[in-house]
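Please treat every number below as a calculation from the coordinates, not as lab data. Please read all numbers here as calculations on a predicted model, not as lab measurements. Positions of Cβ are backbone-derived with ideal geometry, glycine not excepted, and every protein chain shown enters the neighbour counts.
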Amino acid sequence: MSKPRLIYFDAPVSRGEECRLALHLAGIDFDDVRIKPADWPAMKEQTPYGAMPILELPGHPPLAHSNAILVLIGRRHGLHPADDIEAARHEGMMEHVEALRGVVAPTIRMAEAEKKAAREALVADFLPRWAQSAERNITGAPFFGGAKLQVVDLKIYMAVRWFIGGKVDHIPATIFDAYPKLMGVYRAVHDHPGVKAWNAKA
Ligand SMILES: N[C@@H](CCC(=O)N[C@@H](CS)C(=O)NCC(=O)O)C(=O)O
């Protein structure tokens, strides 16, 4: 291996795509390794924790868990706060996004009637509470911590993009409309030249 490899499913979504975006914005030349679902079961137990994304850096053991990968890229390339308290605040928000995924992801595999009921319950309670907490913690503008895009913003962007595309059945695309700071971070990342360049290639 001569350059970093980011390994994830072949889709521009979720934990894999936010890591690809971070590598791209950091200016790192990396191999974007995309795994077909049929090939995943044979690989799963060879990965550190049985899940992707995985970041492989030449000369080091493979790294897993999206937040650990993002924080490493961010620390090394000026996309994560140098101040340790502010960094911990960003990492808290990144965990908040993981909590959202942890609650919504199990509904993906539910049968239709159960999925509808579960997602309507999320729309009524969990999702607004999640967005309110996110809103309370966004202290900067246009990004989470201020004028500069950091890895936390990529995490927020991918989470918001998941829902507002209108492709998550039973969750309205307007779910986050009432949260101007959250939507502001989403828009600022979406309009960032480096992000636009990456999305244009996808
Ligand atoms: N905490 C891990 C969760 C990783 C995770 O659940 N990845 C999913 C894709 S987003 C996966 O690999 N699913 C396939 C599987 O678990 O077998 C992270 O943040 O990276």
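Couple of notes before you dig in:
- Close pairs (7 angstrom Cβ cut-off, 6 or more residues apart or separate chains): at positive phi in segment 84-113, assigned to a helix (DSSP H, G or I) and charged (D, E, K, R) anywhere: none
- Checking every residue in segment 142-159 against the condition of being among the polar types (S, T, N, Q) and in contact with an Asp or Glu (Cβ under 8 Å, 6 or more places away or on another chain) gives zero matches.
- Tally, over segment 50-61, of residues that are more than 10 Å from the ligand (Cβ to nearest atom) and without any contact (Cβ under 8 Å) to a residue 24 or more places away in the chain: 3
- Qualifying residue in segment 30-49 (condition: more than 13 Å from the ligand (Cβ to nearest atom), of a type in the set (D, E), surrounded by fewer than 19 Cβ atoms within 10 Å (Cβ to Cβ) and free of Cβ contacts under 8 Å to residues at least 60 places away in the same chain): yes
- Candidates D29, D39 - the one that is part of a loop (DSSP other than H, G, I, E, B) and of a type in the set (D, E): D29
- Inter-residue pairs, beta-carbon under 9 Å, first free of Cβ contacts under 8 Å to residues at least 24 places away in the same chain and in segment 1-25, second of a type in the set (D, E, K, R), 6+ apart: A11/E17; A11/R34
- Condition broken by A11, with the remaining ones in (1) loosely packed, with under 14 Cβ neighbours inside 10 Å; (2) over 24 Å from G194 (Cβ atoms); (3) not acidic (D, E) satisfied: (2)
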